[in-house]
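Visitor: Here's a structure for you.
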């Protein structure tokens, strides 16, 4: 496993743990009202910042393989951000064959 890949999974793991811990703490200790809403919004924003960085690490490492033609796709940050995904499989449009498929991540060294 490459350094960027390990860092990406570590960042996501810590972020998700922090998100759930923060939300549980906020719901438990802050009474209903505008302060609870502000706390939940703030916790979600703090959660998203490292997620965007982890996505940048994922995009900078490796490529995605088109199921139709086998071409290796290297998406831009914006394409990766907007593409539906499940884990490290993204729904991308292949520049060679022009078809949209679920492309599996290929990690490079």
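No lab work stands behind these numbers, since they all come straight from the coordinates. These numbers come from a predicted model, not from an experiment.
Visitor: What are the radius of gyration and Dmax of segment 62-109, computed over its Cα atoms and given in Å?
Guide: Both quantities, over Cα of segment 62-109: 9.6, 28 Å.
Visitor: If you take the Cα atoms of segment 1-61, find Rg, then find the Kirkwood Rh from the mean of 1/r over all pairs, what is Rg/Rh?
Guide: 1.13
Visitor: Which of these, 33, 42, 70, has the largest mean-square fluctuation under a Gaussian network model of the chain (Cα springs below 10 Å)?
Guide: 33
Visitor: Would you mind computing the Rg to Rh ratio of the chain from its alpha-carbon coordinates, Kirkwood style for Rh?
Guide: Rg/Rh: 1.12.
Visitor: If you build a Gaussian network model of the chain, linking Cα atoms that sit under 10 Å apart, which residue out of 80, 26, 38 swings the most?
Guide: Looking only at 80, 26, 38, the largest GNM fluctuation is found for 38.
Visitor: Could you work out the relative contact order of the chain, using alpha carbon pairs under 8 angstrom and six or more residues apart, expressed as a whole percent?
Guide: 25 percent
Visitor: Normalised by the number of residues in segment 1-61, what is the relative contact order in percent for Cα pairs under 8 Å and 6+ residues apart?
Guide: Computed value for segment 1-61: 59 percent relative contact order.
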